[in-house]
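Student: Please read through the structure below; I'll follow up with questions.
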Amino acid sequence: MKKQFTLAYLINFTIVFGMGLITSLLSVYLDSRNISLTNIGFVFAFGAIAAGFLRIPIGACVDYFGRKKFIIAGSIGFVVYGVGIALATTVPDFIALNMLFEVVAAIFWTAFTAFYMDILEKGLEGKQLAIRNTFGYIATAASPIIAGFVASAMGFQTLFLAGAAIAAIAIPATLAISLPKNNKNMCFDIKKEYSDVANIKGFHIILITLIAHTLIWTFWSIYMPIYLKENGVSLTSIGLILTSIWGVGAVLQIPLGKLIDKYPARWILVPGFFLIWIGGLLFFQFQNFFNYLASRVIIGLGFDLAYWPAIGVFARHTPKKINGAGWAALMAGVNIVYGIAALAGGFLTDNFGIDLVLYTSSFLAIIAAILLIPSKTFYEFGLPHSRHKPHQHVHHHTPHNRRI
């Protein structure tokens, strides 16, 4: 079992780090090629929406046919994507490649998340998943600052190929993992499986919370780096800001996991959305690096607090046999909203300016926080079954720019 965890951490780290090198400054790269903000929105939107719908059959297939073959296919697909981005020149090229990326990510992260949840040891779930999260956050934190240095010194093409090479390390690791054979006694009935998913405790309010989170997150993840670049912030400094966000997230994972185990989810979610709102207001107070850094770290902290408790509640109540379908259902909704938000963001930023769009989106967070305050769902479902059973932990998941 120890070998399986070691391989899982290696696969997780190399994929997140490699893809982080490619995607963390991708919107800035597209902007530097004089691609309009509307077209940048198109690049990020179509693949996300398509992958959102595809996650439904993918989740059922992962549960029925087994995890490993999908993890391998996804690992190879990420490498192909990285090489393709380095060679792409036109808007249709980037749209097609991002569609490939989103589909590959849907396949890989659905299978990998289900695999990891399968190997969790009873009574150690919180600890083992917090470790996995920490590896993912460290990889995500390291990628923007390194991407900024490499892009400035050697160009974006070199950066993209380096990301593909690092992701390729995951391929032999995926071949080495061993998993139980798929459950042939399980009936391949997509309708029945997703009917079971819909009956998971609190599923609908969890999905709505993640949709609100994703809507705000999308605007900041795609258009904030462009805003910084347009205001004279260097690629290296942009990378440092993004690295700081994920670095704080890495440090936060284990204590956040303990809070999620101990307190109702609502007590963490509501402050998280409040922090997104406050950080968004502070971001535009002073046009200097330190203000951008401090306020964006506050926003990043808010995004973590407004996300993981909902995921923890979901994972606590999801039967193992439908881990793939359950995760796919949540991420389908998230992907579709991400794509719609990217399209809307491109149109709005082109017509009203990035600063106004980012500033306004922060107010969506305060609305979400207010709506969650009277909710009994996250209070009831966020509590452990017993304060005297410390080994009943929740599940957390590794970040990959939101797409897992």
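The values are calculated or read from the model by the stated rules, or taken from the named source; none is laboratory data. Here the structure is a predicted model, which is why all the values come from computation and not from measurement. As a convention, Cβ positions derive from the backbone with ideal geometry for all residues, glycine included, and neighbour counts pool all protein chains shown. The accessibility values were calculated without ligands, DNA or RNA, using every heavy atom of the protein model including side chains. Shrake-Rupley method; radii C 1.70, N 1.55, O 1.52, S 1.80 Å.
Student: Multiplying the sequence separation of F149 and L356 by 0.36 nm and subtracting their Cα-Cα distance, what value in nm do you get?
Tutor: 71.6 nm is the gain from fully extending F149 to L356.
Student: In square nanometres and to one decimal, what's the mean projected area of the convex hull around the Cα atoms of the stretch 90-175?
Tutor: Details: hull surface 28.2 nm².
Over all viewing directions, the stretch 90-175 projects a mean Cα-hull area of 7.1 nm².
Student: Would you calculate the separation in nanometres between label points at N39 and L371, each defined as 7 Å from the Cα along the Cα-to-beta-carbon direction?
Tutor: Distance between the two pseudo-spin positions: 3.5 nm.
Student: Given a Förster distance of 30 Å, report the FRET efficiency between V80 and L179 from their Cβ-Cβ distance, rounded to the nearest 0.05.
Tutor: For R0 = 30 Å, the calculated efficiency reads 0.80.
Student: Something else: Any of K69/K191; K201/K321; K2/K262; K192/K321; K2/K258; K3/K68 with alpha carbons more than 20 Å apart? Name them for me.
Tutor: Where the Cα-Cα span goes over 20 Å, the pairs concerned are K69/K191; K2/K262; K2/K258.
Student: Over the chain, with every protein chain in place, what whole percent of the accessible area is carbon and sulfur at 1.4 Å, could you tell me?
Tutor: 70 percent
Student: Can you give me the distance in nm between label points at K69 and H317, each placed 7 Å from the Cα along the Cα-to-Cβ direction?
Tutor: 3.4 nm
Student: Can you work out the FRET efficiency for the pair A96 and T236, with r the C-beta to C-beta distance and R0 = 22 Å, to the nearest 0.05?
Tutor: Calculated transfer efficiency: 0.15.
Student: Something else now. Sort 61-72, 79-90 by packing, meaning the average of other beta carbons within 10 Å per residue, with the highest value first.
Tutor: With the highest mean Cβ count within 10 Å placed first, the list reads 61-72, 79-90.
Student: Mind checking the alpha-carbon convex hull of the stretch 270-365 and giving the volume per residue in Å³?
Tutor: Once divided by residue count, the hull of the stretch 270-365 is 103 Å³.
Student: While we're on this one: Using a 1.4 Å probe, what is the accessible area per residue for the chain, in Å²?
Tutor: 38 Å²
Student: Could you state the per residue volume, in Å³, of the convex hull enclosing the Cα atoms of the stretch 138-290?
Tutor: 194 Å³
Student: Compute the orientation-averaged projected area for the chain from the convex hull of its Cα atoms and round it to one decimal in nm².
Tutor: The orientation-averaged projected area of the Cα hull of the chain comes to 17.6 nm².
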